[in-house]
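S.K.: This is the structure I want to talk about, given as structure tokens.
The values are calculated or read from the model by the stated rules, or taken from the named source; none is laboratory data. Owing to the predicted nature of the structure, the values given are computational and were not obtained by experimental measurement. All Cβ positions, glycine included, derive from the backbone under ideal geometry; neighbour counts span all protein chains shown.
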Amino acid sequence: MRSFLFVPADSERKLARAPESGAGALILDLEDSVALDRKPVARAMVAAWLGSRAASPQAWVRVNALDTGLTMTDLAAVVAARPDGIVLPKCESAAELVRLDAALSALEAREGLPDRTIPVMPLITETPAAMFALGAYADAPRLAALTWGGEDLAAALGARTNRLPDGTWDEPYRLARALTLFAAGAAGVPAIDTVYADARDLDGLRAECEAARRMGFVGRMAIHPAQVPVIEAAFAPTEEERAWAERIVAAFAAQPGAGVISLDGKMVDKPHLVQARRILGK
């Protein structure tokens, strides 16, 4: 999954048009984009939309953070409609995923769904406290991917901005981004890059996506449909990469007991095979 498009859950127009965006997944947002007095309406709209949707794209739901007292109401409203996943904002530790797991298991049982049907993707850097718990997600239940956020973190730190004059991330947010990548690697799940807040700057988005892919991120969240094609293109393997990966996989398949092989006069070992399989989605 390369692109995740946020959709305000209380906007009938945006919900109707979101599947046309080309995004691999939609994130129906019950949190920041919905005012408090609109959240009951948004929950009902999400449940109805999920109940009548087509099979694709995937549809995840961002619930409200656990410290708001709204999370369980959000979950109770949407689990019966079987979202493809839950996005948990402002997650401060793997212990919060344990709490969420228990709630989801109870609701899945109520609805006659198999246990742990619904996976979770937490936003793991949105508070200062969360930064000190990033290495502990390896055994977290339901974990599908890890992603991060720079806007809420900047607000929590009292920063005037989270970017330097040249548009690149300032130091605290580069650290949060890098540690998310390490946390995902340690947990064995994909790392998804955060949103690019300037929806008009597609060139800046493209450059940042290409850098993120080089580092190891496999996709990105979007706040506007115009960002989706840029994200999809930036994170898709090129023909040259796919050809290289297929040759690596075939070479190791021909020598199944080998730890190191020679290809085009170069030594290739198991890390290259891991990378090749990732490119091919294997």
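S.K.: Mind telling me which of the residues 54, 102, 144 ends up being closer than 21 Å to residue 2 by Cβ, without any contact (Cβ under 8 Å) to a residue 60 or more places away in the chain and out of contact with any helix residue (DSSP H, G or I) (no Cβ under 9 Å at 6 or more places or on another chain)? Walk me through how you get there before you give the answer.
M.R.: Values: 54 fails: out of contact with any helix residue (DSSP H, G or I) (no Cβ under 9 Å at 6 or more places or on another chain); 102 fails: closer than 21 Å to residue 2 by Cβ.
Answer to the check: 144.
S.K.: Let me ask something else. Among (1) aromatic (Phe, Trp, Tyr); (2) within 22 Å of residue 125 (Cβ to Cβ); (3) assigned to a helix (DSSP H, G or I), where does residue 196 come up short?
M.R.: All conditions are met except number (3).
For every residue, the table says whether it meets (1) at pLDDT below 95; (2) surrounded by 17 or more Cβ atoms within 10 Å (Cβ to Cβ); (3) under 25 Å from residue 277 (Cα atoms).
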{"site": "173", "(1), (2), (3)": "no, yes, no"}
{"site": "184", "(1), (2), (3)": "no, yes, yes"}
{"site": "208", "(1), (2), (3)": "no, yes, yes"}
{"site": "222", "(1), (2), (3)": "no, yes, no"}
{"site": "230", "(1), (2), (3)": "no, yes, yes"}
{"site": "236", "(1), (2), (3)": "yes, no, yes"}
{"site": "242", "(1), (2), (3)": "yes, no, yes"}
{"site": "246", "(1), (2), (3)": "yes, no, yes"}
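S.K.: Being among the hydroxyl-bearing types (Ser, Thr, Tyr) and assigned to a loop (DSSP other than H, G, I, E, B) is the filter here, so list the residues in the range 104-148 that pass it.
M.R.: Here is the first cut: in the range 104-148, the residues among the hydroxyl-bearing types (Ser, Thr, Tyr) are 105, 117, 125, 127, 137, 147.
Result: 117, 125, 127, 137.
S.K.: Among the residues of the range 11-30, which ones are touching an Asp or Glu at 6+ places or on another chain (Cβ under 9 Å) and not in a strand (DSSP E or B)?
M.R.: 22, 23, 24, 30
S.K.: Would you check which residues across the range 168-190 are more than 13 Å from residue 125 (Cα to Cα), touching a residue at least 24 places away in the same chain (Cβ under 8 Å) and hydrophobic (A, V, I, L, M, F, W, C) and list them?
M.R.: Passing the criteria: 186, 187, 189.
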